[in-house]
Structure formats: structure tokens, C-alpha cells
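Have a look at the structure below, then the notes.
No value in this document is a laboratory result; all are computed from the given coordinates. Note that this is a predicted model, so its numbers are computed, not measured. Here the Cβ is made from the backbone with ideal geometry for all residues, glycine too, and neighbour counts use every protein chain on show.
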Amino acid sequence: MATTIRVRAFAKINLGLKILARRPDGYHEIRTIYQAISLADRLEISLAPRGRGIHLECDDPAIPANRANLVHRAAELWKRVQKYPGGIHFHLFKRIPAGSGLGGASSDAAAALLGLERLTGDRMTAAERLRLAARLGSDVPFFLWGGRCLGIGRGEEVYPLWDLPRRHCLVVFPGFTVSTADAYREVGRRLALTESPRSRRIFLFGARPHFPLEDWGPAENDFERVVFARWPELGRLKSQLIRAGAETASLTGSGSAVFALFDSARILARAADLIPRGWKQYSTRTLSRVEYLRAVTSEA
């Protein structure tokens with residue numbers, strides 16, 4: 001049995017995000033469409049059968065290498081559920097910017113769960129794996145599916161959607177982060193959200209979406225009204241990318257990254273010239289579910 005493996009942890013964008021109501025548990029009821037993209041971290045996992053603890057290293061010193069990191073918490077939870085007695089060592093190679101709304105921490109946690117299963121052969125059922133992922137964070141279950149998915153509840157209930165044709169994707173990170181908690185509070189104040197009982201979930205799932213399911217279309221993200229008000233340069237960038245030929249452009253999650261989708265690499269390259277100096281940009285592409293699952297189940 002192998003004792004070391006390297007796996008990819010891909011980023012996501014949100015092709016629309018609607019905040020519908022406050023929930024009794026303190027979270028918010030949302031509807032979103034997740035889309036996996038090829039920008040990825042890499043996670044090296046090693047087993048230490050004679051050890052006991054969990055050790056995490058990261059090539060980015062700004063990323064916590066303790067229980068504050070979702071990879072560490074994923075390993076703790078997996079060890080407890082699977083009753084694994086040995087030690088685990090992780091080395092995380094970051095490329096997805098932290099605090100960008102691209103889901104890097106959640107994807108790293110999902111990659112840890114999948115990699116540990118492959119290394120040990122201790123397989124869970126799909127339902128068990130999804131429940132475990134949901135305990136770690138709202139976005140984590142999506143990264144067990146990849147491709148394009150509808151997310152409801154607080155985002156942890158995931159329903160796979162058919163894939164749309166591949167698109168080139170430009171991701172722009174301005175270098176600063178947005179507090180998700182603060183963004184939710186401000187959106188709730190502006191939208192005057194009321195509390196929503198848990199029983200409304202099926203109604204919310206069946207209701208007509210506020211954004212397209214059948215094409216890329218204009219992506220509507222409720223966080224934009226808050227984030228763009230504070231950082232108008234992000235709103236200007238979105239408008240410029242659309243004028244430059246993007247099929248759609250939007251904030252992803254609560255930000256601060258902005259993405260744009262293009263049907264050609266040539267148009268994307270021209271649009272990339274609009275990015276302000278000092279901001280990070282990533283030329284990537286959308287991943288279908290088959291591509292995603294093939295990539296996350298093969299060694300990086």
C-alpha cells in the first residue's frame with residue numbers, strides 16, 4: 001500500500017448567488033451555481049502508521065498550519081470517523097489565493113478526504129462522504145462533485161447540473177480579502193432579510209431561479225451590491241471585462257476575486273490587458289464533471 005500521494009484541489013467560481021433569507025441556525029439560505037475551474041492547489045499526503053498526530057506544512061507562510069486550516073480539521077474528523085490510529089502528514093502547495101471567494105480552503109479539505117480514502121482504502125459511501133464534508137464547511141460538498149452544480153440551503157446541499165461547453169476563464173484577485181461574515185451582515189441589512197423556517201427549503205429549490213441554468217448568461221451575485229460599494233474598482237473591472245467580450249463576469253462568492261468567461265483564448269488575452277498593475281490574474285478554464293473527477297482521482 002502506498003504511503004504518500006499528491007492530489008489536486010481545484011478552485012470554483014459562482015455563476016450567480018442569491019441570498020434568500022436568514023435561517024434559525026444563524027446561517028443564510030442561498031441559491032448558487034458552482035462551477036469548477038482548472039486553477040488548483042496541490043496537496044501531498046503521507047501516512048505515518050507508527051505516528052499518532054496530524055502535521056501540516058504549507059509553502060505560503062500566511063496560511064495557518066494548525067487547526068485553523070480546514071485540511072487539519074478534515075483529517076481530525078476523518079481519523080475519528082474511520083478510527084484510523086496512525087499519524088498523517090500534509091504538505092500544501094497553494095496557488096488559489098486565500099480570501100478570494102474561490103473556495104481554496106474548502107477544496108483543500110475535500111482533497112484531503114478523498115486522498116486519505118485512496119491511501120488507506122477505507123472507503124465511505126457517497127452519502128457518508130457528503131455528510132462529513134458538510135460538517136467541515138458549506139462549500140466542501142461541492143468539491144466532491146465538481147463540474148457544475150446547484151447549491152441550496154447554506155450551499156452544502158448540492159445537485160449536479162449538466163455541463164455547459166468549455167469556456168476560458170480569467171480570474172482576477174486584487175490582493176485584498178473580503179470578510180464573508182461582514183459581507184453577509186451588510187447584505188442582510190440592505191436586503192432586510194427575514195428569518196426563513198427550514199421547511200421552506202423544498203419550495204426554494206423548486207422555485208424559478210434568479211439566474212440562468214441553461215447558459216452562461218449574466219451572473220447575478222447579491223454580494224456585489226455590498227462589495228462594489230466599498231471597492232468600486234471591482235465593479236468597474238467587471239463592466240470593462242464585459243465590454244471587452246466576456247460572455248459573463250461576476251464577483252465569485254463574497255469576493256474579492258472577479259472572474260470572466262470567454263469563448264476564445266484570444267479575447268481573454270486582450271481583456272487581460274485591462275487588469276490593474278499589481279493585481280494577480282489567472283488564465284484558467286472551466287472543468288466538466290468528468291474532467292474534474294478524473295483529475296481528482298489521479299495523482300497530481
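Set the Förster distance to 35 Å, then compute FRET efficiency between Y84 and R166 from the Cβ-Cβ distance, nearest 0.05.
E(calc), rounded to 0.05, equals 0.35.
Taking every DSSP beta bridge with both residues inside the chain, roughly what % is antiparallel (nearest 5)?
Roughly 85 percent of the beta bridges in the chain run antiparallel, per DSSP.
Once you have the Cα-Cα distance between R185 and D273, take 0.36 nm times their residue separation minus that, and quote the gain in nm to one decimal.
Here the segment from R185 to D273 would lengthen by 28.2 nm.
In what order do L241, L293 fall by count of nearby beta-carbon atoms within 10 Å, going from fewest to most?
L293, L241
Hey, fewest Cβ within 10 Å first, where do Y27, Y184 land in order?
Listed from fewest to most nearby Cβ atoms, that is Y27, Y184.
Using alpha carbon centroids, what distance separates the range 20-37 and the range 243-300, in Å?
23
Check the chain and count each lysine pair with an alpha-carbon distance under 23 angstrom, considering only pairs eight or more places apart or from different chains.
6
Can you give me the pair-distance distribution of the range 1-115, C-alpha pairs, 5 Å bins, whole percents?
Distribution as computed: 2, 11, 19, 20, 16, 13, 10, 5, 2, 0 percent.
With springs only between Cα atoms under 10 Å apart, run a GNM on the chain and tell me which of L20, L191, L251 wobbles the most.
L191
Given the options G121, G16, G103, which has the most mean-square fluctuation in a GNM of the chain, springs set between C-alpha atoms less than 10 angstrom apart?
G121
Using Cβ counts within 10 Å as a stand-in for footprinting exposure, how do F259, F173, F93, F228 rank, fewest first?
F93, F228, F173, F259
Based on the Cβ-Cβ distance from T125 to K280, what FRET efficiency comes out when R0 is 41 Å, to the nearest 0.05?
0.55
Between beta-carbons, use under 12 Å as the cut-off and find the net charge around G86, counting Lys and Arg +1, Asp and Glu -1.
Result for the local shell: +3.
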